Each structure stands twice: as structure tokens, then as C-alpha cells.
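Report on the structure given below.
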Amino acid sequence: MLEVANLEVVYNEVILVLRGLSIEVPEGNIVALLGSNGAGKTTTSRAITGLLDNHEGKVTKGSITWNGKDITHTKPSQIVQSGIAQVMEGRRCFGELTVDENLATGAFTNKAGQKKQYERVMELFPRLQERRKQLAGYMSGGEQQMLAIGRALMAEPKLLILDEPSLGLAPLLVQQVRDVIKELNADGMSILLIEQNAMMALSIADYGYIMENGKVVMDGDGKKLLGDDDVKEFYLGLHQGDDEDSGRKSFKDVKHYKRRKKWAS
Amino acid sequence: MIIFWQTLAKAIALGSIYAIMGLSFVIIFKGTQVLNFAAGALSMAGALFMSILVVDRGFPFLPFTNPLAPADGETAGLALWIVHLVIVLMIAALMGLVIERVAIRPMVGQPLFAMAVITLGLEIAIRPFNLDATAISGRSIGVPWGTETWEIGGAIFPKSYLAAVVAAAIAFVAVFFFYRSRFGVAMRAVAFDQEAAMAQGINVGRVFAIAWALGAALAVLGAIFFAMSPWPPAGTVSLEIHPIWVFRVLPVIILGGLDSVAGAVAGGLIIAIFEIFAGQYLSQWTSILGPGYSTIVPYLVMLVVLLVRPYGLFGTEEIRRV
Ligand SMILES: Nc1ncnc2c1ncn2[C@@H]1O[C@H](COP(=O)(O)OP(=O)(O)OP(=O)(O)O)[C@@H](O)[C@H]1O
Ligand SMILES: [Mg+2]
């Protein structure tokens with residue numbers, strides 16, 4: 001179980017990005033973390049995996065606990081070793097390395113399980129099998145996303161964090177990514193799924209958080225959020241009935257506006 | 001014609017040594033993005049160590065005798081010499097580790113220019129040790145074949161030429177396999193995208209350390225084979241020549257591309273061919289610069305290549321900085 005409690009993250013000593021964020025990923029669950037651009041989703045992922053240093057970022061308050069152990073200031077390599085792997089935003093495959101070599105980097109902390117995981121990845125993504133010796137840089141976006149997921153799986157993680165895996169993928173591929181996530185989860189892996197594609201994420205999530213400006217503004221069961229009118233309206237732009245206000249600015253505004261409407265009627 | 005073959009052999013031999021030296025720069029640059037300006041003093045320290053170990057039968061600055069050394073009055077046989085070479089290369093790797101730990105690691109995250117200047121400072125800091133160890137003049141590296149040569153059809157080929165080619169081939173194969181090994185792949189991943197490499201759990205510090213260890217060992221290997229008979233200061237490790245000589249390798253890596261293994265080898269051979277042939281033939285035709293052409297021509301070649309291909313013949317077009 002991963003617990004993020006009251007997390008505050010500051011970039012460059014001055015830019016406050018996370019303002020008391022609290023989320024949980026219980027063992028074996030799929031948890032969706034949603035939010036618009038700049039909400040702080042990627043920052044959350046960096047904080048959990050120890051990559052803030054690379055961006056002059058710091059955790060200034062709060063804590064991150066993984067299976068009872070505080071990992072707030074742990075080195076990235078130790079975090080991977082402890083069972084948390086991630087698929088970074090934008091895939092970040094090593095373009096000058098072959099598919100096989102990219103996968104090998106994912107197993108850097110998992111030499112013992114490298115062979116087993118390699119076979120598992122090839123089984124999940126048969127396409128990679130055909131491209132084993134190809135340079136990752138020359139592959140399509142969809143193939144690179146599969147490679148990025150496969151690379152993260154090489155570490156044999158207990159918790160997998162995916163940062164916008166559906167970004168820039170055709171609907172059919174989004175579907176495939178979704179199925180893979182479900183399959184991994186069925187094998188017992190916990191998933192923290194960061195997405196802009198709320199429908200895709202919530203359709204498989206046990207629980208969901210919606211964040212804005214570095215804070216959670218709403219959370220609840222995946223199914224419940226999926227059925228929630230506010231979520232629908234904000235993410236899908238499904239304007240209902242007499243809604244004449246088109247200047248939607250943020251999720252909060254939608255909620256306030258709605259609430260006001262409810263209260264007034 | 002005899003002159004031509006001799007000149008060609010000399011060029012290939014020198015090119016092999018340049019290639020070894022170039023590989024040293026490339027590995028360190030690929031792994032840490034730092035141009036190692038300490039290569040001169042570092043490689044010379046290693047070559048001196050070899051000389052002290054195998055010729056003086058002692059250790060630099062220490063009052064011990066080398067238990068493995070050849071008996072008094074004898075030079076080491078081939079096997080014994082190679083054993084010593086391997087020991088010295090291991091010590092060189094250790095020196096690389098220490099340098100990385102003490103001077104490079106604390107600078108991580110600083111501008112690359114600052115790191116390059118740090119290595120230049122190291123070059124200057126290591127030199128006095130070299131000076132102290134050599135006492136006065138050049139020292140022999142104690143090769144078993146000494147100044148022996150082969151004669152083929154009237155042309156004379158020093159045995160050191162072949163030794164240099166063999167050493168370069170071994171260095172190239174070693175680097176080739178390293179690149180495909182666990183840590184080699186990790187190093188290339190770090191070079192491509194440091195953050196993504198960290199996200200895979202790759203320990204970037206360890207990759208830096210390995211790059212410096214390997215780079216230092218290659219630098220010393222190059223210096224040792226340059227301290228053999230036909231090369232300038234009559235086959236000795238010399239304070240006058242060695243530190244400067246390393247800067248002559250600069251055109252090699254710039255020509256080949258700073259981060260390319262193939263480039264280091266090709267660059268080494270091309271530069272050496274221009275250098276040796278210019279020295280042999282241009283100097284005969286005109287008396288203006290005399291042997292000076294061999295010094296200038298490599299830089300001219302480098303300049304022309306840079307104008308056409310700023311990233312070198314084999315270098316990565318856009319060298320990333322993360
Ligand atoms: N290295 C950085 N230095 C300074 N500010 C940063 C840095 N990285 C991110 N930020 C700021 O932090 C805020 C949150 O960024 P983050 O990347 O976490 O958002 P996000 O929710 O992942 O957005 P997106 O959906 O666009 O990926 C943004 O306002 C961004 O400008
Ligand atoms: Mg993001």
C-alpha cells in the first residue's frame with residue numbers, strides 16, 4: 001500500500017506545486033489520478049519515485065509511505081528496488097538503444113528475474129518480439145509506449161505508476177493499453193494510473209482522485225466518479241439542459257456553479 | 001616505395017595508439033559528458049608506474065621492491081611484461097575511480113564547462129607527482145622487444161608497430177563488449193536520457209565511476225604503447241612529450257565525433273595518416289616549416305571537418321544535455 005500524506009512540493013525553492021496532496025493506492029487496486037494540465041500529476045509521480053532532484057524540486061512537507069516504510073527522501077534506484085516502477089510521461093524510450101537493450105535497462109535492479117520478465121513482456125506485447133533488434137528511436141509512438149510499459153515491467157514491480165499512457169495513441173491502442181493494465185492488475189499488481197483520459201482511467205479504476213492546483217478536489221469509487229455529472233461535464237463537455245455558461249475554467253468552477261444552481265432552485 | 005610502406009606502417013601504428021587514446025576520451029565523454037583534460041597527466045602517471053614497477057623493480061614513492069619483477073640485470077619476458085601491464089591497467093582504473101569520486105561526483109549538476117575546468121586542474125595537480133617520480137629525464141617502459149625490428153623486402157618495421165595495433169584491437173574489442181554488457185547498456189542509457197535511466201533504477205553514480213575507470217585504463221594503455229622505441233623521445237616516458245602529446249589526440253576525437261567508438265578508431269587512423277605522411281613528404285618538398293607540418297596538418301584536417309560536420313564524422317548529431 002502506497003500512502004501519500006499532505007505532500008507539499010516546491011520547485012526551484014519558490015514554485016509551490018503540490019499543496020497538501022493526499023492519495024492512497026491500496027494493494028491490488030487500480031487507482032486513477034486525474035486532473036487538467038499543470039495540476040501536478042507528473043510532479044506527484046516524480047515525488048513518489050525520487051526524481052524531483054532532477055528538476056530542482058523538493059518535498060517540503062508531508063510524507064510518502066510504501067508498505068509502512070517512509071520513502072520520501074529515498075534514491076530512485078532504491079525505490080525501484082523496493083517494488084515501484086513507472087512509465088514516464090512521454091515514454092522516454094532510449095532512442096539509441098535497441099528494443100532488447102531498452103528492456104535490459106528496466107531489469108537493472110532485477111538481474112535474477114530478467115529472463116522471466118522478458119518472456120512475460122514478449123507475451124504481453126508480441127509486436128516487440130518482431131522488433132527486438134531495432135533501435136527504439138525508429139519505432140512508432142504506439143510501439144514506443146508498449147516498450148516503455150514493457151521496460152517498467154522488467155523490474156517486476158509491485159506497484160506500477162503510469163503517467164498518461166494513452167497520450168497521443170489511437171483509440172484502438174488506448175483500448176489495448178487499458179487491457180494490459182487490467183491484465184497486470186488481475187495478476188496482483190497495484191496500479192497508479194495518471195490520466196487526462198478520465199473515461200478510460202475510471203472505467204477500470206477501483207478508486208479515483210481528481211486533482212487541481214496541487215490538491216485533491218474530489219475522490220471516490222471509480223464507478224461513482226464515472227457516473228458523476230460534474231466529472232462528466234468537466235471531462236467530456238457534456239453540457240446538460242439549460243446550461244448557457246460555456247466559460248468553463250476549472251473543475252471547481254463547474255462544481256460551484258452546479259451547486260449554486262442546485263441551491264437556488 | 002620502401003619509404004612509402006614504412007610510412008604507412010608508422011601511420012597505422014600511430015593511428016592505433018591515437019585510437020586507444022580516443023576511446024578513452026569517448027568513454028568518459030559518453031558516460032559523463034565531460035571532456036577529460038586530465039588525460040595527459042593521468043596517462044603519464046600510469047606509464048611511469050609501469051616503468052618503475054618493471055624496470056626499477058619498485059613502487060613509486062614507496063620503499064618496497066616488486067616481488068614479481070624480473071631478476072636484476074634482465075628485462076621482463078613477454079608474459080611477465082603483460083602481467084605487469086594488466087596490473088598497471090588495474091591501478092589506472094583505480095585512479096580513475098578515485099578521480100571520479102573526489103573531483104567529478106561532487107560537481108554533478110554543475111555546468112559542464114566547470115567540470116572540464118576541474119579536469120584541467122587535475123592535469124596540473126597530478127604533474128608534480130609525475131615530476132617527482134621521474135626525477136630527471138625519460139624512463140624506459142621495459143618492453144621485451146626493445147628496439148627490435150623486422151625487415152621485409154628492405155623495409156624496416158619496428159616490432160612496436162605490431163604491438164600497438166594488437167593493443168588497439170584488444171581495446172576496441174573490449175569496448176565493443178562493454179557497450180553490450182549490463183553496465184555498458186546502462187551507460188548508454190544514461191547518456192541518452194539521464195532521468196529516464198534513473199527511473200529504471202540505474203545508479204548514475206556507479207555508471208560515472210565505471211566510465212572513469214575504463215577511460216583511465218585506456219588512457220594509460222595508450223601512453224604505455226606510445227612510450228616504445230620509434231616514437232619521439234626515443235621510447236621513453238617523458239615529461240616533455242607525454243602531457244602535450246595527449247592534446248594532439250584532440251583532433252582525433254573531434255574528427256570522429258566526441259561520443260562515437262567507431263569515430264575514435266577512424267579518427268585516430270585518419271589523423272595519424274595525415275600527420276605521418278605530412279611529416280614524411282611535405283617536409284621534403286619545402287624547407288619552410290620542416291617537420292612542423294606533422295603538427296599542423298592534423299589540426300587543419302580537424303578544422304575542415306568541423307566546418308562541414310560540426311558533430312564529427314560519426315558523432316551524434318545533437319548531443320543532448322539533460
Ligand atoms: N521543473 C519544473 N520547474 C518549475 N516548475 C515546474 C517544473 N515542472 C513542473 N512545473 C510546474 O508545476 C506544475 C505542475 O506540473 P506537472 O507537470 O506536475 O503537471 P501535470 O499535472 O503532470 O500536467 P500535464 O497533464 O500537462 O502533464 C505546472 O504549473 C508546471 O509549470
Ligand atoms: Mg504530466
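The values are calculated or read from the model by the stated rules, or taken from the named source; none is laboratory data. All of these numbers come straight from a predicted model, not from anything done at the bench. So basically every Cβ, Gly included, is an ideal-geometry build from the backbone, and we count neighbours across all protein chains shown. Surface accessibility is based on the protein's heavy atoms, side chains included, excluding ligands, DNA and RNA. Shrake-Rupley method; radii C 1.70, N 1.55, O 1.52, S 1.80 Å.
Which shape class applies to chain B: rounded if a/c is under 1.5, otherwise prolate when a/b exceeds b/c and oblate if not, where a ≥ b ≥ c are the square roots of the Cα gyration tensor eigenvalues?
Numbers: a/c = 1.75, a/b = 1.17, b/c = 1.50.
It comes out oblate by the Cα gyration axes.
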So which of A:Lys115/A:Lys215; A:Lys75/B:Lys30; A:Lys41/A:Lys232; A:Lys182/B:Lys30; A:Lys61/B:Lys30 end up more than 31 Å apart, counting from Cα to Cα?
A:Lys115/A:Lys215; A:Lys182/B:Lys30; A:Lys61/B:Lys30
11 Å cut-off, amide nitrogen to a point 7 angstrom out along A:Asp53 Cα→Cβ, residues in region B:201-215:
B:203-206
Area buried, chain A against chain B - accessible surface, total, 1.4 angstrom probe, square angstrom:
2100
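At 1.4 Å probe size, with the rest of the protein present, what percent of the exposed accessible area of the protein assembly as shown is carbon and sulfur atoms?
Working: 15800 of 25800 Å².
In the protein assembly as shown, the share of accessible area belonging to carbon and sulfur is 61 percent.
Determine, from the Cβ-Cβ distance of A:Met1 and A:Gln81 and an R0 of 25 Å, the FRET efficiency 1/(1 + (r/R0)^6), rounded to the nearest 0.05. Don't skip to the answer; put the middle values down first.
Working: r = 18 Å, r/R0 = 0.72.
It comes out at approximately 0.90.
Using the heavy atoms of the protein chains alone and a 1.4 angstrom probe, what is the accessible area of region B:85-134 per residue in square angstrom?
Solvent-accessible surface per residue comes out at 55 Å².
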Dipole-positive endmost among B:Trp81, B:Ala45, B:Ala103 within chain B (Cβ charges, Cα centre)
B:Ala103
Chain B, Gaussian network, Cα under 10 Å: of B:Val304, B:Val26, B:Val175, the residue fluctuating most is B:Val304
Virtual paramagnetic centre 7 Å along Cα→Cβ of B:Val108, amide N under 19 Å, in region A:23-60
A:46-59
Could you pull out every one of the aspartates and glutamates with an alpha carbon less than 15 Å from that of B:Lys159, ignoring same-chain neighbours closer than 8 positions?
B:Glu148, B:Glu151
So how strong a dipole does the protein assembly as shown carry about its Cα centre when Lys and Arg Cβ are +1 and Asp and Glu Cβ are -1, to the nearest 20 debye?
140
Of all the stretches in chain B, which is the longest one without any exposed loop site, taking trypsin sites (Lys or Arg not before Pro) in a DSSP loop (any state but H, G, I, E, B) with at most 14 other Cβ atoms within 10 Å?
B:1-319
Taking the chain alone as reference and the full protein assembly as comparison, with a 1.4 Å probe on protein heavy atoms only, the residues of region A:20-61 that lose at least 10 Å² of accessible area are A:Leu51, A:Asn54, A:His55
Note down the nm distance, to one decimal, between modelled labels 7 Å out along Cα→Cβ at B:Ile156 and at A:Glu27.
8.0
Under 5 Å between amide hydrogens, which residues at least 5 positions from A:Tyr209 or on another chain qualify, with H placed 1.01 Å from N in the peptide plane?
A:Ala32, A:Leu33, A:Leu34
With springs connecting C-alpha atoms under 10 Å apart, model chain B as a Gaussian network and identify which of B:Ile270, B:Ile20, B:Ile170 has the largest mean-square fluctuation.
B:Ile170
Summing -39500 (n - 2.57) over every DSSP H run of at least 4 in chain A, dividing by its residue total and rounding to the nearest 500, the 222 nm mean residue ellipticity is -11000 deg cm²/dmol
The simple spin-label model distance between B:Leu131 and B:Thr75, using points 7 Å out along Cα→Cβ, in nm, is 3.0
Under a crude label model (7 Å from the Cα following the beta-carbon direction), how far is A:Ser140 from A:Glu13 in nanometres?
4.9
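Just in region A:73-119: which trypsin sites (Lys or Arg not before Pro) are loop by DSSP and have at most 10 other Cβ atoms within 10 Å?
Details: sites: A:Arg91, A:Arg92, A:Lys111, A:Lys115, A:Lys116; in loops: A:Arg91, A:Arg92, A:Lys111.
Sparse-neighbourhood loop trypsin sites (Lys or Arg not before Pro): A:Lys111.
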Accessible surface of B:Phe274 - all protein chains present, 1.4 Å probe, nearest 10 Å²
90
Please state the charge dipole magnitude for chain B, taken about the Cα centre, from unit charges on C-beta atoms (+1 on K and R, -1 on D and E), reported in debye and rounded to the nearest 20.
560
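For chain A, just say rounded, prolate or oblate: build the C-alpha gyration tensor, square-root its eigenvalues into a ≥ b ≥ c, call rounded for a/c under 1.5, and beyond that prolate if a/b exceeds b/c, oblate if not.
On the way: a/c = 2.01, a/b = 1.48, b/c = 1.36.
Prolate.
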